[in-house]
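Working notes for the structure below.
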Amino acid sequence: MDQALDFTQGPLFRLAFVILIAGLIRRFVLIAWPMLAAWIRARDRSLNWAAIFRDIGVWLFPIGHVWRSKDIFTIVSYAFHIGLILVPLFLMEHVSLWTASSGLTLPVLPKLAADIFTVVTILGVSILLVVRIVSRLVRTFTRTEDYVALLLILVPFLSGLLAGRPWNPLSCNAMLLLHILSAEALMITIPFSKLSHCIFFPFSRLCAELGSKLVTDSAYLYKSPLSEGGES
Amino acid sequence: MNDKVEYWPRLMKPVEDDTLDEFIRAMGKILSESNYGLPLSVYAQTCTGCLRCSQECQVFQQTQDFRDTPHFRTEEIIRLYSEFFLPEKNGQSIVERTVTQEERERFNLKDLIESLYRCTLCRRCTEACPMGIDHRLVARFGRQILSEMGLVPKNMGSSTVEQIFGLGNTSSFPKAAIIDTLDFLEEDIYDTYGVECIIPRDKKNADCLMISPISDYMMEAETLMGISMVLDQMGLDWTVSTKYCDAINYGLFYDDRVLMTVLDKIIQEARSLKVKTVIIGECGHATRAALGYWKSHLNSAGIEVKSILQVTSEALHKGLIQPNRKKNTAKIVLHDPCNIVRACGIYKPQREILEACSTDYVEMHPNGRHNYCCGGGGGIVIAEDLEEFRLQVPGKVKADQIKASGAEIVCAPCANCKKMLREVVDYYKLPVSVVGIHDLMANALASEIPPQKKPNVA
């Protein structure tokens, strides 16, 4: 068991991390080149940066929109991201691992806050799973990938919460092993599924602007049937 | 009345076995001649299936039919794109092979085609999407494909043909009638408002060319009168063109070629009159098409384009016009046209104008970027066959909003919206009249002295 723990915390974790980062970079590069090409091809290369940055800013923290929607699916979809991002990075046990492997010192979440965020994430994911099964509209449009993604998030968070607690049904080491393996499974899935929306999120509005631009080398748009300007 | 409104396959050809082949070929042609492939490939990897878009969609809120959701349309088009065009998946170009029967059965083309013309292109979905997916762009791409296949609602197609190849406007109004109308309007401004106002026409080397939707020459004459009075009182050196006088641009709804061709006509006219600025009258899609695509036209350099709302509100700031607020005391509710507020970001000017020329105006809820479409967006108000659909489905929300506001007048700075809102108030029997912003401004700029007492200036 100890050997397994060392392996999963050491080389296997590093491998998963590399796959995560390299995979996300690959996804980004695969759209960065088409974005540049689309911009070069556009007749009108001006871009409304103010609107683009405003939209990115608003959607990083869409509190107004989420509150106004008065819809449980929407509120939970946003709320569970808080723990999803903060806990893996800033939980005390994780910070010591980051420091040990890379020398980086990250701020540490107070224990109570970390517990609350974890519980909110677990509850959130459970509610999303239930809604995806129960609501007719959501069920019609839910793909297998959506269920799998939710389970992939639920297991590491649940096992992480239970490890080292008195109500842990498995042994401490076994729960820890489950936690690490499931977290690594999540990490390697992110770049190859819709979970990569984290990297695309800042670029969608930019792509929409570029996508609607008319292009310079289009045969049927270049030659207007009514001639190009000049005296009437 | 609240039973599910039936689909309307009458305008479109029935979907046959080989329609998918035609669809894919048209898609391929358009992808090669545009930048649409980029957002499609990004959206294929970005949609998280959160369905915010569907919850905000005005049409879906009424029908609760899954085929009316932006998610359905976008997902179907992206699946088609991924299946046949994404380079990672398909090494063989689609033109080198035919579509297999198995592939035909995998895609719900019939529902997609019908759903594309049940969309108001209002962008509430885009506003609501946390990932920033532009569903309007994808629906517009779908409609471009249908246009390439020759599937366009009858009225839209015939009005466009008339505008480009016929008499030069979407209502088949002959040039002689336009000149007569302008003369008549000058007299009418004097008779109704007591103000002498000349509407300059075809004046070369003027500073500005004002071009409004053709409906301003017919049903919405008060708007044109109001615009003329404002520009005249400002002391602007302006003109209209009798040669080309219709800013309406249906290409924005279904075809980029038509969009550029209509813009081309406007720019050609602006060049031949050697003006420096083009002012677009009160029309949402004309404004959006001009402001958004002006720089894409190869011959527009050196000519600015503005909306009349911006011009009038600037005139108010500079004190060039002095409207009398007390001439409009009825309760007015402001409707925000999607193409002006959400698409062009013009939110404050119309409110400043209303503040200056009326005493009691209220907002709809929601308003601004979160407004509801009038119900006739995306060309739906033009298609005759869609009358029942637009009144019972997207128009219903509007009727509820107008009732809730308690207003006697609905003010909408857009010709399309006015047409739709008039239908809505007739259908739902609301005791409300529909006006444009410059109609109110005309009242506010009217002379204090009744016309009969002024000296004869014939």
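Short version: which residues of the stretch B:284-310 lose at least 30 Å² of accessible area, all chains versus chain alone, 1.4 Å probe?
B:293, B:295, B:296, B:298, B:299
When the accessible area of the protein assembly as shown is computed with all protein chains present and a 1.4 Å probe, what percentage of it is carbon and sulfur?
Working: 17720 of 29070 Å².
For the protein assembly as shown, the apolar C and S fraction of the accessible surface comes to 61 percent.
Got a sec? Which residues in the stretch B:372-411 would a label at residue B:329 touch, if it sits 7 Å along Cα→Cβ and we count backbone N under 18 Å?
In the stretch B:372-411, the label zone of residue B:329 (backbone N under 18 Å from the point 7 Å along Cα→Cβ) covers B:407-409.
Between residue B:66 and residue B:198, what is the label-point separation in nm under the 7 Å Cα-to-beta-carbon projection?
6.6 nm
222 nm [θ] for chain B, helices only, -39500 (n - 2.57) per DSSP H run of 4+, per residue, to 500? It would help to have the intermediate numbers written out before the result.
Values: 22 runs with 222 residues, N = 458.
Calculated mean residue ellipticity at 222 nm is -14500 deg cm²/dmol.
Rounded to two decimals, what is Rg over Rh for the stretch B:206-310 when you use alpha-carbon atoms and the Kirkwood radius? List each step's numbers first, then the result.
Values: Rg = 12.8 Å, Rh = 13.6 Å.
Taking Rh as the inverse mean 1/r over Cα pairs, Rg/Rh reads 0.94.
Within 10 Å of each Cβ in peptide B:129-139, how many partner chain Cβ atoms are there on average? Round it to a whole number, please. Don't skip to the end; give the middle numbers.
On the way: counts 3, 13, 8, 13, 5, 7, 1, 2, 5, 2, 0.
Mean shielding count: 5.
Tell me the total accessible area that B and A bury against each other, 1.4 angstrom probe, in square angstrom rounded to 100.
Numbers: alone 19050 and 15030 Å², together 29070 Å².
That pair hides around 5000 Å² of surface in total.
Which semi-axis lengths, in whole Å and largest first, follow from the square roots of five times the eigenvalues of the Cα gyration tensor of the stretch A:101-145? Walk me through the intermediate numbers first.
Values: eigenvalues 234, 45, 7 Å².
So the equivalent ellipsoid measures 34, 15, 6 Å along its semi-axes.
Using modelled backbone amide H atoms (1.01 Å from N, in-plane), which distant-in-sequence or interchain residues come within less than 5 Å of residue B:304's amide H?
B:277, B:278
Which residues, if any, in the stretch A:172-211 lose at least 30 square angstrom of accessible heavy-atom surface (probe 1.4 Å) when the other protein chains sit next to their chain rather than the chain being alone?
Residues losing area: A:194, A:197, A:200, A:201, A:204, A:205, A:207, A:208, A:211.
Report the Cα-based extents of the protein assembly as shown along its three principal axes, largest first, to the nearest Å.
Largest to smallest, the principal-axis extents are 106, 59, 52 Å.
Note the angle between two axes, namely the Cα long axis of helix B:284-293 and the longest principal axis of the Cα atoms of chain B, as a number of degrees from 0 to 90, rounded to the nearest 10.
With both axes taken from Cα atoms, the answer is about 70 degrees.
Relative contact order for the stretch B:200-249 using alpha-carbon pairs under 8 Å, separation at least 6, rounded to a whole percent? Walk me through the intermediate numbers first.
Working: 58 pairs, mean separation 30.7, N = 50.
61 percent.
Please compute the Kirkwood hydrodynamic radius of chain B from all pairs of different C-alpha atoms, in Å with one decimal.
Working: mean 1/r = 0.0431 Å⁻¹.
Answer for chain B: a Kirkwood hydrodynamic radius of 23.2 Å.
Please report, for the Cα atoms of the stretch B:319-444, the Rg to one decimal and the Dmax as a whole number; what are they, in angstrom?
Answer for the stretch B:319-444, Rg first and Dmax second: 14.2, 47 Å.
Test of understanding: given chain A, find the longest segment containing no trypsin sites (Lys or Arg not before Pro) that are in a DSSP loop and have at most 16 other Cβ atoms within 10 Å. Mind dumping the intermediate values first?
Working: sites that count: A:45, A:70, A:143, A:223.
Counting only loop sites that pass the neighbour cut-off, the longest clear stretch is A:144-222.
Once phi is turned into ³J(HN,Hα) by the Karplus curve 6.51 cos²θ - 1.76 cosθ + 1.60 with θ = phi - 60°, what whole-Hz value does each residue of the stretch B:64-81 show in order, with x for glycine and proline?
3J(HN,Hα) across the stretch B:64-81, in whole Hz: 6, 9, 4, 6, 8, 8, x, 4, 4, 5, 5, 4, 5, 5, 5, 5, 5, 5.
Just tell me, in residue order, which DSSP H segments of chain A are both 24 angstrom or longer along the helix axis (alpha-carbon based) and at least 0.0 in mean Kyte-Doolittle hydropathy.
Values: long enough: A:11-41 (45 Å, 1.60); A:72-90 (27 Å, 2.11); A:111-134 (34 Å, 2.10); A:144-162 (27 Å, 1.70); A:172-189 (26 Å, 1.56).
Membrane-span-like by this rule: A:11-41, A:72-90, A:111-134, A:144-162, A:172-189.
Set the Förster radius R0 to 56 Å, insert the Cβ-Cβ distance between residue B:180 and residue A:148 as r into 1/(1 + (r/R0)^6), and round the FRET efficiency to 0.05.
Details: r = 70 Å, r/R0 = 1.24.
For residue B:180 and residue A:148, the calculated efficiency is 0.20.
Which entries of B:265/B:327; B:204/B:295; B:204/B:326; B:295/B:403; A:194/B:110; B:276/B:348 have Cα-Cα distances beyond 30 Å here?
Details: B:265/B:327 38 Å; B:204/B:295 23 Å; B:204/B:326 38 Å; B:295/B:403 41 Å; A:194/B:110 28 Å; B:276/B:348 25 Å.
Violating the 30 Å Cα-Cα cut-off are B:265/B:327; B:204/B:326; B:295/B:403.
With every protein chain left in place, what is the accessible area per residue of the protein assembly as shown in square angstrom, probe 1.4 Å? Can you show the working numbers first?
On the way: 29070 Å² over 690 residues.
Computed with neighbouring chains in place, this is 42 Å² per residue.
Counting only GluC sites (Glu not before Pro) that sit in a DSSP loop (anything but H, G, I, E, B) with at most 11 other Cβ atoms within 10 Å, what is the longest stretch of chain B containing none of them?
Details: sites that count: B:6, B:16, B:88, B:448.
That gives B:89-447 as the longest site-free run.
The values are calculated or read from the model by the stated rules, or taken from the named source; none is laboratory data. Everything numeric here is computed off the predicted structure, so don't read it as measured data. Every residue, glycine as well, gets a Cβ built from its backbone with ideal geometry; the counts of neighbours run over all protein chains shown. Keep in mind that these areas ignore ligands, DNA and RNA; they rest on the heavy atoms of the full protein, side chains included. Shrake-Rupley method; radii C 1.70, N 1.55, O 1.52, S 1.80 Å.
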